[in-house]
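Chemist: Let me begin by handing over the structure; questions about it come next.
Read the figures in this text as sums done on the coordinates, not as results from a lab. Everything numeric in this text was worked out from a predicted model, so none of it was measured. Here the Cβ positions follow ideal geometry from the backbone for every residue, glycine too, while neighbour counts run over all protein chains shown.
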Amino acid sequence: EALRQASAAPAEPAAPGPAAADIEAAQSMTPEDRTAMIETMVARLDEKLRASPGDVEGWKRLIRSYGILNKPDAARDALKRAMAVLGAEQAAEIEKFAKEAGLAGTN
């Protein structure tokens, strides 16, 4: 379910979602292996955003992914990092997104 939700966001060049083959392979994995695969994908997205932080949709995917993985501290950290590197308009968009995701008052 988490993999399906993570792949529902539109793909961006700086932070693409899982390929169809990844989703198909995940369906035959054990829950532990599936979780490990998802965590690896989220870690890669985090690394890409550290290198190329201007991707607003990527930040949204990262924040949402940490929420799906039940890692609220990591989601709040990603929100803070996004707010620090994005321009005012983009930061406002991220802040609104975070509030809708239940992370209000974390910046």
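Chemist: For region 37-107, just say rounded, prolate or oblate: build the C-alpha gyration tensor, square-root its eigenvalues into a ≥ b ≥ c, call rounded for a/c under 1.5, and beyond that prolate if a/b exceeds b/c, oblate if not.
Modeler: Verdict is oblate for region 37-107.
Chemist: Ok, one more. Where Lys and Arg each count +1 and Asp and Glu each count -1, what net charge lies around residue 101 among other residues with Cβ under 13 Å from its Cβ?
Modeler: Counting the neighbours of residue 101, the net charge comes to +4.
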